[in-house]
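Read through the structure below, which is laid out as structure tokens, and then see the notes.
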Amino acid sequence: MKGTVVSDKMNKTVVVAVTRLKEHPKYRKRYKVTSRYKAHDENNEFKTGDLVMIREARPLSKDKRWVVEKIVKKAGVEDNGNSEKE
């Protein structure tokens, strides 16, 4: 799953918010549902705002069942395609 790191305050753990679209069964309107997962971050390398991929793993603690696989996009790095050379 792909989500955004919303908290990195714990040691070796980050909280990842995964947003998905859900459809109402009767009215067929789509709405966003956000789930928060605690994921293992062995080296404390992921920061708030990073877009990351997480995968399911064996239970690592009372409520930590996910591991951060890789980073998709670093926080604060914008790529608008207008790279100028000086």
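The values are calculated or read from the model by the stated rules, or taken from the named source; none is laboratory data. All values reported here derive from a predicted model rather than from experimental measurement. Don't worry about glycine lacking a Cβ; one is built from the backbone with ideal geometry, like all the others, and counts go over all protein chains shown.
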- Message: Of everything in region 5-49, what is under 13 Å from the mean Cα position of the chain (by Cα) and acidic (Asp, Glu)? Give them in sequence order.
- Response: Asp8, Asp41
- Can you tell me which residue among Lys9, Lys22, Lys26 is touching a Phe, Trp or Tyr at 6+ places or on another chain (Cβ under 7 Å) and among the basic types (Lys, Arg)? Lys22
- Message: I need the strands (runs of 3 or more DSSP E) fully contained in region 18-86, keeping only those with at least 3 residues that are touching a Pro at 6+ places or on another chain (Cβ under 7 Å), at pLDDT below 95 and polar (S, T, N, Q).
- Response: none
- Cβ pairs under 7 Å, 6+ apart, first in region 43-59 and under 15 Å from Lys2 (Cα atoms), second surrounded by 12 or more Cβ atoms within 10 Å (Cβ to Cβ) and polar (S, T, N, Q): Thr48/Ser7; Gly49/Thr4; Leu51/Thr4
- Note on the structure: Filtering region 1-17 for residues that are outside any strand (DSSP E or B) and farther than 19 Å from Ser61 by Cα leaves a count of 1
